[in-house]
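In what follows, a structure is listed as structure tokens, so that the remarks can point back to it.
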Amino acid sequence: MMAFFRLLARNRLALAGLVVIGIVVVLALITPLLPLADPDVTDTPNRFQPMFSAGALLGTDHLGRDLLSRLMWGTRLSLAMGFAAAVIAAVLGSAIGIIAGFYGGRTDNVIMRGVDMLMAFPYILLALAIVAALGPGLMNALIAVAAVNVPFFARNIRGITVGIAHKEFVDAARLAGMRNREIILAEVLPNVLPVIVIAMSTTVGWMILETAGLSFLGLGSQPPQADLGSMLGEARSALITNPHTSIVPGAMILVIVMGINLLGDGVRDALDPRLKSGALSRPMPATTVDRDGPAPAARTDSLLDIADLRTEFRVRNRVYKAVGGVDLHVEKGECLGIIGESGSGKSVTALSVMGLVASPPGVITGGAVHFDGQDLVGARYEVLRSLRGRRVAYIFQDPQATLHPLYKAGDQLIEAIRTHEDVSREAAHRRAISLLKSVRIPNAESRMESYPYEMSGGMRQRVGIAMALANDPDVIIADEPTTALDVTVQAQILSVLSDLRRERGLAIIFITHDFGVVGQLCDRVAVMYAGRIVEEGPTAAVLRSPQHPYTSRLIDCVPTLGGGQRRLAAIPGLPPVVDRLPHGCAFADRCDKAQAECRAGSIALAPTEPARKVRCLFPEVAKERSA
Amino acid sequence: MSEALRLTGLSKSFPVGKRLFGPPRAMVHAVHPLDLDVRTGETLGIVGESGCGKSTLAKMLVGLLPPSTGQIEIEGETLDNADPAIFGKRIQYVFQDPNSSLNPRKTIRQIMEVPLRKLHGLDRAARAARIQEIFAAVNLREEFLDRYPHEFSGGQAQRIGIARALAAQARILILDEPVSALDVSVQAQVLNLLADLKTEFGLTYLFISHDLAVVEAVSDRIAVLYFGSIVEVGSAREIFANPRHPYTALLAQSAPEVGRPIAAPENAETELPDPLSPPVGCAFHERCAFATDRCRAEKPVLTADGADRALACFNPLPGPVSR
């Protein structure tokens, strides 16, 4: 609750809205206690008194009634009507929405088509029709305004409920013996409630306007009772001669509705989880660079050389050191594997190369990435843009998320080609077909016309690879490209990548958590843990005789086919959180060989054998592993 | 050995292209009629690729989906009305994604209490005692009970999911990809916990996964599912070492393995058949190197082959020399 108010207070306008509404509501609540004139007593001799006249601060109306008193009582009534209508509409609409969304199928169809029919009428016409049928009066106006707004809630809440009703926790509740009614109340409702509150906060102002509108037309509150709408309606005839009689209620409506809408926006921003996580802050085209020292020189003259790369995420007052000083290099035609668990920093390392880490919150705080001799960290956006896709291309895990759903696969490939090269559409089209053939897509010509959703996961990933190849890059960075695929499809994709690398002399950085894949595809492997490389070397050597205890124990955790039924070795504990990294070795807490020295200070990645490095004071003795 | 679970002719079809009135345009057969026995106290692994019907099968077994045909017999009793509340006491489900299977707005205690209250009608004190017992069994601290699901890592959340399944006191657990959302170092912790619980409570497991190595490590027997049908059943030790069905062999070859060179293990263009226009005959014939005209015309049925093996293939791979 406190967190909610803090979030709300960050939005200045919402805070202003809250203050204004707070004052209006308090005044409305204490109106009966204030020493005000009777709002309904007419005093025709003193009609149309101007503002600030004696005995009537805001003047009097066409019957000589005190405007201040009428304004206070009218505001009180209008607010109550607006809130009551909002509550009624929210309760009814949400109930309809939840039932339709939860039961689905025919129930959903019948209910929602009914709601659609309500929505087909212009709202004011519908409200007028309801009042016409029921007769004028406050209660009937309330019913009309509530009824008109039910569809809005029903539609909104139904959409949210459909998403929740298919969540696994609803199935789990069924298996725990809960009935539908209990599931709706205990499982679904608490998850829908924030949305209902958001929808209410943004519609209360609208409903106050609508009730005022009906009263203005004489269909709401009946004389002599004052509400803001009827006050305006009565003042209409004297608009020119005595404008203050209209301005007073009009200004109040303006203040209330503005205040409520500002507050409603603030409430929505504070409650909506998507906005809270920063979905509205648009990431910049390249990662922010804030290097605290000079750029280190390249350590090798490789095609791609990453030196002491540091990338952090700055979220409010926390700093997540996702990459904490990584040195890597990859040669032309080489395949480098980066292996690690989730949160080890392997993907962030890969994305940092081309400045693709979302900023905010990502910041590259140190190090250099030399590609073909040029430092890419801090390079101008134009430089990065001309290299992205042309010299260094990416393949991501989920091709469904990386391909645009509304464009044909062929058009996306053609676009990728023509972004970097000035070729005709026909030439690009021919090239796209040959690319699809090179990743072994059957019927390449007809596949050009397919949309991503018409293809299977394996086919989509092939298109993703074809797109990465579009401009004949030197380096391909593949971030878990086969994790979402089935084993038989994974084998096909790996064989495509392996052939392409041989045919085109591609350098591949292959990020994965699967030792089997690394073992089959990669020449060298780097193992990452808590944002740092803990071991690096030729794949065969690392897998045969791992030197870092983490590598060794991680390999033991992974079952391999052919071992039969058995108990697996597990690593106790969890990887450290990267905003609270321990002093010294990050693996020390889970390591059975840890000594006091391990926790004393940072440990260097030291060479052990030719081409092998390990970040450990007590590396595993080279024992031949059976696997 | 008695049967914990016996499935007879169980199948599930979904209508596609529903119309307001009249029959749907087509039916997709997610699970073709299948027979399967799960013995008391064993772990039966079910492997298959996405779209092979393994999740649909699992949902039918716990009553979350009504079967289209066939029946389910749990511990000798036929349950033909799909009511999870009745199934729940006998058979429980551990979900793949621990985070979406726990209601984000309930505390762990509230989540744990539901099966105890609804299925067993325990009073407050009895519930607290039982939760304490279960939490001790799954190595979770009791202070976790008053926290919300988002405060837990994947491995801890999955333990909570297992604890909830245990609370129902069912003797059969369906484990639907219980470790595929977890990191490898945590995966082994959870698999070992499952093995311990099985001995401690005398449970029977149905372990569903796409990861052959994991399934092999935990199962006694394994059933291979392809396109909604069981194509081969056998002991975990034997089935991948000596596959008889060409699809099982393809799976075993595709599993990435250190030291084996990469080669597309089949004609690289083929994938799963289209469920809207299923192939005639054996569903695998388009991907099979041994397919004959008979395979293209006739659907093979699952037949026993030796004591511990059954397969659905007209031209099986040669097995080890029969004794």
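The values are calculated or read from the model by the stated rules, or taken from the named source; none is laboratory data. Here the structure is a predicted model, which is why all the values come from computation and not from measurement. Note that each Cβ is placed from the backbone with ideal geometry, even for glycine, and that neighbours are counted across all protein chains shown.
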Before we move on, is B:V224 on the phi < 0 side of the Ramachandran plot, of a type outside the set (D, E, K, R), more than 13 Å from the chain's Cα centre (by Cα) and not assigned by TED's automatic domain parsing to the domain that holds B:R90?
no
Determine which member of the set A:L581, A:L554, A:L605, A:L574 is touching a residue at least 24 places away in the same chain (Cβ under 8 Å) and touching a Ser or Thr at 6+ places or on another chain (Cβ under 7 Å).
A:L554
Scan the stretch B:141-161 and give yes if some residue there is of a type in the set (D, E, K, R), within 30 Å of A:E480 (Cβ to Cβ) and at pLDDT 90 or above, otherwise no.
yes
Residue, surrounded by the most Cβ atoms within 10 Å (Cβ to Cβ), within the stretch A:577-596, restricted to residues that are within 19 Å of B:V184 (Cβ to Cβ) and out of contact with any helix residue (DSSP H, G or I) (no Cβ under 6 Å at 6 or more places or on another chain)
A:A586
I need a count of the residues in the stretch B:297-311 that are modelled with pLDDT under 90 and in a helix (DSSP H, G or I).
0
Somewhere in the stretch B:214-229, is a residue of a type in the set (S, T, Y), in contact with a strand residue (DSSP E or B) (Cβ under 6 Å, 6 or more places away or on another chain) and at the interface with another protein chain (Cβ under 7 Å from one of its Cβ atoms)?
yes
Members of the stretch B:174-213 found to be under 25 Å from B:L36 (Cβ atoms), more than 9 Å from chain A (Cβ to nearest Cβ) and surrounded by fewer than 19 Cβ atoms within 10 Å (Cβ to Cβ), listed by number:
B:S180, B:K198, B:T199, B:F201, B:G202
Evaluate the stretch A:136-149: report whether one residue or more is part of a helix (DSSP H, G or I), of a type outside the set (D, E) and surrounded by fewer than 16 Cβ atoms within 10 Å (Cβ to Cβ).
yes
Out of curiosity, is A:A172 within 14 Å of another protein chain (Cβ to nearest Cβ) and crowded, with 24+ Cβ neighbours inside 10 Å?
yes
Give A:A54, A:A80 a once-over and let me know the one that is surrounded by fewer than 22 Cβ atoms within 10 Å (Cβ to Cβ), farther than 15 Å from A:A238 by Cβ and assigned by TED's automatic domain parsing to the domain that holds A:Q222.
A:A80
Hey, any hits in the stretch B:161-173 for a residue that's free of Cβ contacts under 8 Å to residues at least 24 places away in the same chain and more than 18 Å from the chain's Cα centre (by Cα)?
no
For the stretch A:355-374, which positions are touching a residue at least 60 places away in the same chain (Cβ under 8 Å) and either surrounded by fewer than 18 Cβ atoms within 10 Å (Cβ to Cβ) or in contact with a helix residue (DSSP H, G or I) (Cβ under 9 Å, 6 or more places away or on another chain) (or both)?
A:G355, A:L356, A:V357, A:A358, A:P360, A:G362, A:I364, A:G367, A:V369, A:F371, A:D372, A:G373
Any chance you could count how many residues in the stretch B:203-239 are among the basic types (K, R) and modelled with pLDDT of 90 or more?
1
Could you check the stretch A:232-272 and list, in sequence order, the residues that are out of contact with any Phe, Trp or Tyr (no Cβ under 7 Å at 6 or more places or on another chain) and free of Cβ contacts under 8 Å to residues at least 40 places away in the same chain?
A:R236, A:L239, A:I240, A:P243, A:S246, A:I247, A:G250, A:A251, A:L254
Within the stretch A:215-247, track down each residue that is at pLDDT 90 or above, crowded, with 23+ Cβ neighbours inside 10 Å and of a type in the set (A, V, I, L, M, F, W, C).
A:L228, A:M231, A:L232
Does A:A444 satisfy being within 33 Å of the chain's Cα centre (by Cα), of a type in the set (G, A, S) and more than 10 Å from chain B (Cβ to nearest Cβ)?
no
Can A:D472 be described as more than 30 Å from B:S209 (Cα to Cα) and among the acidic types (D, E)?
yes
Checking the structure you have, find out if any residue of the stretch B:234-245 is buried (at least 20 other Cβ atoms within 10 Å of the Cβ), more than 10 Å from every other protein chain (Cβ to nearest Cβ) and basic (K, R).
yes
Do we have B:V94 as of a type in the set (V, I, T) and within 10 Å of chain A (Cβ to nearest Cβ) here?
yes
Every residue in the stretch B:144-170 that is part of a helix (DSSP H, G or I), charged (D, E, K, R) and surrounded by fewer than 18 Cβ atoms within 10 Å (Cβ to Cβ), please.
B:D146, B:E151
How many residues are within 11 Å of chain A (Cβ to nearest Cβ), under 23 Å from B:H120 (Cβ atoms) and of a type outside the set (D, E) if we restrict to the stretch B:62-89?
10
